[in-house]
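Structure first, then comments.
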Amino acid sequence: MTVRLKIFGNTDWADGDILTGSDQSETITKAATEPWYEVIQNEGSTVQRGLIAFGTSGSIWQTRNELTTDSGGSWVSQGYYDEAALAVANGSGGISQKTGGNTGLKYTLTNGSPWFDAAVDAGSYGTAGVRDMALNGSVGIMTGNANGGPGFGWYSHDTGSTWAQISGPGVITHGVTMSSSSVGYLCDNSQNIWKTTDGGVNWTDTADNLSVNMAKAVSSGTDVVYWTDGDSMVLQEYVNSTNTVNTIATVGGASSLTNPVIATNGNVYAVSTGTDSQVTLLKYDGSKVFTKIVTVKSPSFVSDNTFVNNLIHHDNVLYLNLSGFIVKIELGDK
């Protein structure tokens, strides 16, 4: 394992470190000798696709057709859930949809076991593909594009059992997040940012734009949203109260970038892959951007990484899905 730390535009090691010692020398020693990550699911297993986490304990996850109730220690095949690639969860509820298709929309009320077919499939609204999902309480949002129909997004108020078209965006919609059961944000194909205050029924253009079509988003309260895009390698911040967009980081030399998450310590995290088997953990603490680079085996994300969640968290622990094995990242207060 090779560990290096850096701060964009700075040389201060300790501030950006995850394993922090009493001084710089001890910090470097700890980073070189103490593991900060653990492979908890070996490469070559059937565990694939994105990760979703159920429950307040964060110990119940699902990825593709398998479910774990012990934070990745063991996995149980779900059989009928084989093709699902895009999914979200909130509490014990969840919604899933097969990426790139207009069938296979399912929902769960019981931590991913079992899943049920939605009463009205998204395909009925002319979807050629669902691009992102958000769920807060019983309110779910799907973004996507229409195929012979007028729909560019859908909402559910019963945890995914039934769906209706959203009102507002007139082009393909991308990354979406629900800050609460009433307030949410999404990005459309013209980089416009739309906001809802009624649980996704109606959306209003905020009159500000992102720089690219952001694929994934996460909310910090009801006013701030962080967005990433797996093609342009950009992390951006949108502040609704000031209606401003800030580019936090552009990750050079990367080939893909995960969804952003906000850990219990309040920091924003995302992970990128690059060359030479390197995985880079990116952290934003509200003022500075830090990165931590680690050399791992087979660093590429699962297929369709633009549309799936490769990164989840519980307390101050991140879990990263890398093409068939899952990496546990202990953050502590860093």
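What is the gain in length, in nm to one decimal, between D223 and T197 on full extension, counting 0.36 nm per residue of separation less the C-alpha to C-alpha distance? Working shown, then result.
On the way: separation 26, 0.36 × 26 = 9.36 nm, distance 1.18 nm.
Contour length minus Cα-Cα distance gives 8.2 nm.
Quick check: pseudo-label points 7 Å beyond the Cα along Cα→Cβ at T264 and N243, how many nm apart are they?
For T264 paired with N243, the spin-label model returns 3.9 nm.
Once the Cα atoms of segment 189-288 are picked out, what are the Rg and Dmax in Å?
Every Cα atom of segment 189-288 included, Rg and Dmax give 14.0, 47 Å.
Can you sort L210, L331 by how many other beta carbons sit within 10 Å, fewest first?
Details: L210 23, L331 19.
Arranged by neighbour count, lowest to highest, L210, L331 become L331, L210.
At 7 Å along the Cα-to-beta-carbon direction for both S211 and S255, put a label point, then send me their distance in nm to one decimal.
Once both label points are built, they end up 2.3 nm from each other.
Set the Förster radius R0 to 41 Å, insert the Cβ-Cβ distance between S77 and D231 as r into 1/(1 + (r/R0)^6), and round the FRET efficiency to 0.05.
Details: r = 32 Å, r/R0 = 0.79.
With R0 = 41 Å, the Cβ-Cβ based efficiency is 0.80.
Which order do the peptides 131-140, 180-189, 162-171 come out in when sorted by mean C-beta neighbours inside 10 angstrom, highest first?
Numbers: 131-140: 23.7, 180-189: 21.9, 162-171: 17.3.
Highest to lowest by the protection proxy: 131-140, 180-189, 162-171.
Find how much the distance from K288 to S113 grows on full extension, using 0.36 nm per residue of separation minus their present alpha carbon separation; answer in nm with one decimal.
The K288-S113 span can extend by a further 58.9 nm.
Would you mind checking the pairs K195/K292; K106/K216; K106/K195; K195/K328; K106/K292 and listing those with alpha carbons more than 31 angstrom apart? Provide the component values of the computation, followed by the final result.
Values: K195/K292 34 Å; K106/K216 21 Å; K106/K195 25 Å; K195/K328 34 Å; K106/K292 37 Å.
In this structure, K195/K292; K195/K328; K106/K292 lie more than 31 Å apart at Cα.
Bear in mind that the values in this text are calculations on the coordinates, not laboratory data. Small disclaimer: the values here were computed from a predicted structure and weren't measured. For neighbour counting, all protein chains shown are included, and Cβ atoms are generated from backbone atoms with ideal geometry for every residue, glycine included.
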